[in-house]
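The values are calculated or read from the model by the stated rules, or taken from the named source; none is laboratory data. Here the structure is a predicted model, which means the values were calculated and not measured. Cβ atoms come from the backbone with ideal geometry, glycine included; neighbour counts cover every protein chain shown.
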Amino acid sequence: MVYTLEEISRRVRPVAEKYKLKAVYVFGSYARGEANEDSDIDLLIDDTNSGLRGLAYGGLCYDLEEALEKEISFLTVDSLEGPCRRKSDVYFRENVSRERRKIYAVA
């Protein structure tokens, strides 16, 4: 199944609230409108002040995959904003920043 951004947002909201996430963004093929049946869902998570540490990220990933009934990949805003060691890191960061679409934010 290929979801709309609205459907992803609806499914992600309860998980984001459970983990006290500040914001969630979609990037990659879903953000570009190029997703197909085989596409995973790429998420950028702003977990500022959520208190998530270590194994809790595994629970977050599991809950997101259960809610979306699809494989996901995610990274955090902190990891994206860290130092770039390779030129490819810079390009990746720029692409994510350019194409990301906000699907959840704390009111």
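Worth pointing out:
- Cβ-Cβ under 8 Å pairs, at least 6 apart or on other chains, region 1-27 side within 20 Å of residue 97 (Cα to Cα), far side hydroxyl-bearing (Ser, Thr, Tyr) and assigned to a helix (DSSP H, G or I): 5/30; 8/30
- Residues within region 30-76 that are of a type in the set (Lys, Arg) and at pLDDT 95 or above, tallied: 2
- Selection from region 63-101 of residues that are of a type outside the set (Ser, Thr, Tyr), out of contact with any helix residue (DSSP H, G or I) (no Cβ under 9 Å at 6 or more places or on another chain) and within 15 Å of residue 22 (Cβ to Cβ): 77, 78
- Taking region 1-12 as the range and being in a helix (DSSP H, G or I), surrounded by 16 or more Cβ atoms within 10 Å (Cβ to Cβ) and not small (Gly, Ala, Ser) as the test, the residues that pass are 8, 11, 12.
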